[in-house]
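The values are calculated or read from the model by the stated rules, or taken from the named source; none is laboratory data. Nothing here was measured: the structure is a model prediction, and the numbers come from that model. Cβ placement follows ideal geometry from the backbone for every residue including glycine, while neighbour counts extend to all protein chains displayed. For the accessible areas, the whole protein counts, side chains as well, though only heavy atoms, and no ligand, DNA or RNA atoms are used. Shrake-Rupley method; radii C 1.70, N 1.55, O 1.52, S 1.80 Å.
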Amino acid sequence: MSALSHSHLNSSTFVLTGVPGLEVYSLWLSIPFSSIYAMVFLGNCTVLHMIRTEPSLHQPMFYFLAMLSLTDLCMGLSTVYTVLGVLYGFMQDISLDFCIAQSYFIHGLSLMESSVLLAMAFDRYIAICNPLRYSSILTNDKIMKIGVAILCRSFSFISPAIIRLKFLNYCRPHILSHSFCLHQDLLRLACSDIRFNSIYALVLVIMNLLLDAVLIIISYIMILHTVLAIASREERMKSLQTCVSHICAVLVFYIPIIGLTMVHRFGKHLSPLVHVLMGNIYILFPPLMNPIIYSIKTHQIRRRVQRLFSLKAV
């Protein structure tokens, strides 16, 4: 490890880390990881295909779901090459430019997923609290504008911190904690003044991820207040049922991201295996679970999936 550290100390490449302590089993580990990536691509492509081809799914709720699936699909595409490359043994290191580009897409897509989940919470709020004006508020034109705003918000705000990574001096051993690049991982290796990046990243988390989470909670408090005012128990359950899949998607996104943040901030004494495990959960768990959640919990999607497989069986 020492020789490896010195050989990369002054180079512009960074060593990717597979699964510490289990390097001899990399080929075996590549099987479940390949299966997970295949499920990510298949699940999200299936959801996108169903929304595009099924006229009954051409509604605001499903347009936002399409945005979520597209974001998850891009997250899988942004990491599959390095993650599987390390496990299959054809990729051990990565250039600084490639690393910066990958971290840009990973963090940008994370902010994008948070924004899409907030838009989906707004959709549920309008549908339940103001149903008579639902179609007039969430028109196709407004949904398109929301999508563009989400894209600009996610990738423009993160640019200053990511661009500055190019100009930092990396004098510590160029060994990354994961098989992909993260902003905080590169900062750990820098010897330059990283106060701007650290403060900017903290502000970005507060103004985006934390703010989105607070607004989602507020929207559900208002939804709950409206639902509890409904006299019929059956109608109350029906209204809440439309929110279950979104609540699950929110938990699937925020729990791993909070866990990874805690590990990076306070878990320096933990085993490298914990860092790698949390990193992979953060990258793969939401894209894997979201299509499953919506296929099980949303009856329109579930019916369409059943029809799709019944046609193939015939």
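Annotation: peptides 123-133, 16-26, ranked by per-residue average of other Cβ atoms within 10 Å with the highest first, follow the order 123-133, 16-26.
Taking the average, over residues, of other Cβ atoms within 10 Å as the packing measure, peptides 137-149, 57-69 rank 57-69, 137-149 from highest down. A dipole drawn for the range 14-302 from +1 and -1 charges on Cβ atoms has a positive end, and of THR242, LEU73, THR261 the residue lying farthest that way is THR242.
Past the 37 angstrom mark, what percentage of all C-alpha to C-alpha distances in the chain do you count? Beyond 37 Å sits 22 percent of the P(r) for the chain. Over the range 1-134, the alpha carbon radius of gyration divided by the compact-protein estimate 2.2 N^0.38 Å works out to 1.41. A protection proxy built from the mean count of other Cβ atoms within 10 Å ranks the segments 286-295, 97-106, most packed first, as 286-295, 97-106. Taking a straight line from the alpha carbon of LYS238, these lysines sit under 21 Å away, with near neighbours fewer than eight places off in the same chain left out: LYS297. Membrane-span-like helices in the chain (whole DSSP H runs, Cα extent of at least 20 Å along the helix axis, mean Kyte-Doolittle hydropathy of at least 0.5): 26-53, 60-88, 96-129, 140-157, 211-228, 233-266, 272-297.
Annotation: amide H-H contacts under 5 Å for ILE175 (H modelled 1.01 Å from N, sequence separation of 5 or more, or interchain): VAL15. Element breakdown for the chain at a 1.4 angstrom probe: carbon and sulfur atoms account for 71% of the accessible area.
Ellipsoid fit via the Cα gyration tensor, the range 127-271: semi-axes of 41, 19, 12 Å, each the root of five times an eigenvalue, largest first.
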